[in-house]
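The values are calculated or read from the model by the stated rules, or taken from the named source; none is laboratory data. Given the structure is predicted, the values throughout are model-derived calculations rather than measurements. With ideal geometry, Cβ positions are generated from the backbone for all residues, glycine too; neighbour counts draw on all protein chains shown. Protein only, heavy atoms only, side chains kept; ligands, DNA and RNA dropped before computing areas. Shrake-Rupley method; radii C 1.70, N 1.55, O 1.52, S 1.80 Å.
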Amino acid sequence: MAEHIAPQNHSLMNRRRVLVLSGAAVLSSALPFRLQAQENSKAAAHGLAVYDDLKYPAGFSHFDYINPQAPKGGTFRYSVNEWVLNQAQNTFNTLNTFSANGDAPPRMENCFDSLMVRALDEPDAVYGLVAESVTVSDDGKSYIFKLREQARFHDDTPLTAHDAAFSYDLLKEKGHPGLRLLLAALESANAENDYHLRLTLKGDNAGKNRRIITSMVLLPILSKAYYTQNSFDGNNLNIPLSSGAYKVGALSAGQFIEYQRNENYWAKDLNVNIGRNNFDRLRIEFFRDRQPAFEAFKKGILDWRAESVSKSWANDYDFSAVQSGKIIKKRFPAWKFPSMQSWALNQRRERFRDPRVREAIALCFDFEWSNRNLFSNLYTRLQSNFSNSQFEAKGKASAAEQAVIARHAALIDEATRNALMDDPVTMATTDGSGRNREQLRRAASLMKEAGFERKGEWLTGKDGQIFTLEILNDSDGFNRVYNPMIKNLHAIGINASVRMAEAATYQKRLLDFDYDMMGLASSSSPTPDRSGLALIYGSESVDLPSSQNYTGTSSPLIDALLDDVDKADNRDELTAILRVLDRLLRYRRDWIPCWSAGGKLIAYWDKFGMTGSPPYGGYPEYYWWLDKEKAERLGKT
């Protein structure tokens, strides 16, 4: 299942980068995926794509972004900065990453195979892994997958359609909330025989719901025999039976885990795997704080590091290994995923429900001063939760966007309509001097308009309670960002503070939505689907533990726009819908957009070979390789 799930969420406060389960991407050898009966004519296809032609024809040799001659061997040692589902950066207490329970180690999903895999140089195309081919029914609601008879679990038992059908049913009933939301659109998963699986989507719109199926085909195939005998609750460190290129090796909970390459992997010679999975071992080290991880990298205990602190990137990489060229420091291009990095104010708490309050709090963050004094001018201000994509709204609403707005006129009052038609809301700017009196005066005025009165040092509500704001944080490194903001919040009468929490407490409070303010860095698929978006913005996820609806957003208009997403007939229509959604989120001020480095800040010991970075994701440990000559020069073979 490697690289199947687009980047999901990181808590901003600890740089948690989560890869959101939204449309993956995926008919016919070179035909666009349209689903009309006359176009598919029940022909078996090797891949699926939502809107565009497939880049790779049937029988292709390998993906273009990898080296088919890459040698195997070596160990890739690192500490992760991106993960999915119930995974955690600092520790782990379960090896079931598909359950809502516990904290799993990152990359555990890559021990499992799926029906299809993503191509990382196409926005939404997938090609067969366990599935040799797929046939679409005339009405577009059913997909029949022919499975490869050579597919095996790691105990050499056959992987069959019965395992696949069982997996979809199990994940739909007991899986992580992100998986359950996705599979809510699945009517049935049936094994027609040992090697033919039928997935049928539900609803009148199922025949047009192309993004859903391209996400579903990326989910793990679990062993029916194993999970019939073993619990799925995720409350133990039992190693589950899996089938992927890697399997769990040595581990010590909270310290490290190794994934061992399976030399007998049944699919190692398939075209979708040629040149991939090159390291014999992937070793993930766990650290409570960033500084010990940085020191481990400097000493060569870690091979690769993603830097998340601009001050460190600017000032701390001047040690001898960098100066001598033994360590390469490089900014890699950002993946072409719609991305966000924003603070969430928890509207489950009444005092944050007024958008004027949320705007006032946003005005107390002086990005320009922070960028100059804290970030070494490395960052740019974000305005949207769909940055780095065509879905970010700009200028006045286009004709296509106006049509979306008109379609939902019954849900839109005059003020909202005017805002949606006009230029989108942007974050206020300052001169960077730190004397943002104009913004603070505006913030104080907004709090007064919202019904809060200054009594002495603090604002109070009509109930006489002091207005407090507690920022949940689990990384000391972010206190330097919050402290100046807290000073400004105090200036307008908000009794603000930072609550430091260790990893387990932090995670529990997120699950319980027990915070005033927290942060999220997240990316979604280049072709988002409703389920992935609903996990962050949909009313159905407000009370869903493990969802990323950290703001507590519940809006009939947002829900209606999310419903539109799965009805879009083409990319232009999808773009118009998501731009209107972006305008609405910005007008509501549900989130406070933060900043971006405009790429990935990566440092690594110079002992690896690599091809160019694919534009649509892909962790380096799956397509880099150990260059033995470079490693010998470093003395790190």
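Key figures for this structure:
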{"quantity": "Region 433-487 - charge dipole about Cα centre, Lys and Arg +1 at Cβ, Asp and Glu -1, debye rounded to 20", "calculated": "400"}
{"quantity": "Residue-span extension gain [ASP155 to ASN238] - 0.36 nm each, minus C-alpha spacing", "calculated": "28.4 nm"}
{"quantity": "Cα shape, region 224-369, gyration tensor, a/c 1.5 rule", "calculated": "oblate"}
{"quantity": "With DNA, RNA and ligands ignored, accessible area of GLU173 (1.4 Å probe; Å², nearest 10)", "calculated": "130"}
{"quantity": "Extreme residue, positive dipole direction of the chain, given options SER445, ILE212, MET610 (C-beta unit charges)", "calculated": "SER445"}
{"quantity": "Debye log10 I(q)/I(0) for region 79-191, one point scatterer per Cα, at q = 0.11, 0.21 Å⁻¹", "calculated": "-0.43, -1.39"}
{"quantity": "Accessible area (Å², 1.4 Å probe, nearest 10) - ASP156", "calculated": "110"}
{"quantity": "Size of charge dipole - the chain - debye, nearest 20, with Cβ of Lys, Arg +1 and Asp, Glu -1, no other charges", "calculated": "1680"}
{"quantity": "Dipole of the chain, positive direction: furthest Cα of TYR515, LEU363, THR160, with charges on the beta-carbon", "calculated": "LEU363"}
{"quantity": "Simple Cβ-charge dipole of region 256-361, Lys/Arg +1 and Asp/Glu -1, about Cα centre, in debye nearest 20", "calculated": "400"}
{"quantity": "For the chain: accessible area per residue (Å², 1.4 Å)", "calculated": "37"}
{"quantity": "Unit charges at the beta carbon, dipole of the chain: most positive-side option, TYR56, ALA225, LEU581", "calculated": "LEU581"}
{"quantity": "Accessible carbon and sulfur surface of the chain relative to its total accessible area, %, 1.4 Å", "calculated": "46"}
{"quantity": "Long-range amide H partners of TYR195 with built H, under 5 Å", "calculated": "ALA161"}
{"quantity": "For region 104-119 and region 530-602, distance of Cα centres in Å", "calculated": "25"}
{"quantity": "Mean Cβ neighbour count within 10 Å, used as a protection proxy, ranking 398-407, 133-142 highest first", "calculated": "133-142, 398-407"}
